[in-house]
Amino acid sequence: MRAFHRAAHRLHAATPASRDRAVDALRAFAILGVVLGHWLVTALVAADGGLHTTSPLQHMPRLAPVSWLFQTLAVFFLVGGHVAAHSRATARARGDSYAVWLRSRLTRLLRPVAALLVLWAVAATALLLTGASLPTVHALLSLALSPLWFLLVFAALTAATPLVARLNPLWPLVVVLHVDLFRFGLHQGPAWLGWVNLGAGWLVPYTLGAAWARGELRSRLSAWSLLLGGTAATAALVTWAGYPASMVGVPGSRISNLNPPTLAAVTFGLAQCGLALLLRDRLRRATARPAVWAAVAVANLSAMTIYLWHQTAMMATTATGLLAGRLPGLHTPPGSLTWVAYRIAWLPVFALVLAVCWAAFRHHEQVRRRPGDRGPRILHRHHPGGTAGTASAPRSGAGSPRPAAPDGGPPPRTRSHA
């Protein structure tokens, strides 16, 4: 513990005062919410000689409010838009081309994916060769690779940052409104029409993040408007317009709020963004404590590794547990609150297996600096006031800790601390 506190204090001291730590805290919160949400609402039931995917929300609809706590993707897109807008402005200031900027960001985002794909290609082949049923392998692959949809959307929005950074969030919100009107109100349009919302729906919080980067959401009035307006709109849509109360997909449900996003999911995301903006000052004060900041920084350095491997950690635990028989909360149908209690008891085990995955695969995300690579002399920094800024990179000792990069990926390859 003494070593941890010493390292935390070094990291705290090495972080520039100009860095907006609330941005990193919100990203860490969003990742944690997604991970815990998936672990709580996803069940692999052992039956008929295989594993089948189901959800406690399918059997206990009254637990839908649980999804309100852990469906935090809107916060991630809010932070993503904020950081991408800052990053692009800084890249232009130092003369980097769009291609150089985009390659840097997508490399940090997509590099960890290769290891996941290779491992599951080998695992799926081995399962089929050893007699596992095709439905079981399909269920496992669907869960393991489900995080990739998010990365594809996030990568597309990142690439479009120069075009959408100044887009008013009302425009994609209007697109979502009209798509849902055709789908659910008029029952017209082709079957693929709903997938327009996959881009438009997440573009709403992304453009809000870009507006935050421009300093347009500084006032508490703006945050309260998003929180109260989004909450009221979501309540109205669920109560009177027939939208599901669950903010995640539920097997067997006629409508999913998430796949693709509906108007209710988007208005719920607006409320989440408002709450996130209201919490900025509290998060800055909390992360001023070295121990808290160290935890947030580590989570940001490994954000994609944690996100990509959390489902694999759950499935590895489930598959290994079959050696001991059908264990409650792990292989049994999620039809009662007893199952929920057992599942909560399994969460530390999932976290331990995820830690093993993190130790094995984090190097794919945390790219090491090549010897002699001094990197750029201009650094991007978060500014609490909402304006982008640059600063000359001061020299630092080789033994100093390196805090998290602005995009949650590896630290910038420089001699200073971004």
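None of the figures in this text is laboratory data; all of them are computed from the coordinates on show. Predicted model only: the values in this text are computed from it and were never measured. Here the Cβ positions follow ideal geometry from the backbone for every residue, glycine too, while neighbour counts run over all protein chains shown.
One table, with the values for the structure above:
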item	result
Ile344 versus Leu323: modelled label distance in nm, points set 7 Å from Cα along the beta carbon direction	2.9
Cα gyration tensor shape for segment 63-208, rounded if a/c is under 1.5, else prolate or oblate	oblate
Highest-fluctuation residue, Ala291, Ala93, Ala28 considered, GNM on the chain with Cα pairs under 10 Å	Ala93
Efficiency of FRET from Cβ geometry, Ala288 and Ser225, R₀ 35 Å, rounded to 0.05	0.80
Residues whose placed amide H lies under 5 Å from that of Leu51, excluding near-sequence neighbours	Thr136
The chain shape via C-alpha gyration tensor axes, a/c threshold 1.5	oblate
HN-Hα J in Hz across segment 189-206 - Karplus 6.51, -1.76, 1.60, θ = phi - 60°, x for Gly and Pro	x, x, 5, 7, 4, x, 6, 4, 5, 4, x, 5, x, 7, 5, 4, x, 4
Separation between Cα centres of segment 50-117 and segment 7-33, rounded to whole Å	18
Cut-off 12 Å, label 7 Å out along Cα→Cβ of Ala235, residues of segment 245-283 by amide N	none
Glu216-Phe184 FRET efficiency (beta carbon distance; Förster radius 45 Å; 0.05 resolution)	0.90
Contour minus Cα-Cα distance for Ala360 and Ala160 (0.36 nm per residue)	68.7 nm
Modelled FRET efficiency - R0 45 Å, His9 with Ala99, Cβ distances, 0.05 increments	0.65
Selected from Leu26, Leu263, Leu119 as most flexible by GNM, with the chain as the system and alpha-carbon contacts under 10 Å	Leu119
Highest-MSF residue in the chain out of Ala139, Ala223, Ala121 [GNM, Cα springs under 10 Å]	Ala121
For segment 324-332, Karplus couplings with θ = phi - 60° (6.51, -1.76, 1.60), whole Hz, Gly/Pro x	9, x, 7, 9, x, x, 10, 10, 8
Karplus 3J(HN,Hα) series, Hz, for segment 143-156 with 6.51 cos²θ - 1.76 cosθ + 1.60 (x for Gly, Pro)	6, 5, 9, 4, x, 5, 4, 4, 5, 5, 5, 5, 5, 5
The chain, relative contact order in percent, only Cα pairs under 8 angstrom and at least six apart counted	29
Estimated [θ] at 222 nm from DSSP helical runs (n ≥ 4, -39500 (n - 2.57)) normalised by residues in the chain, nearest 500	-19500 deg cm²/dmol
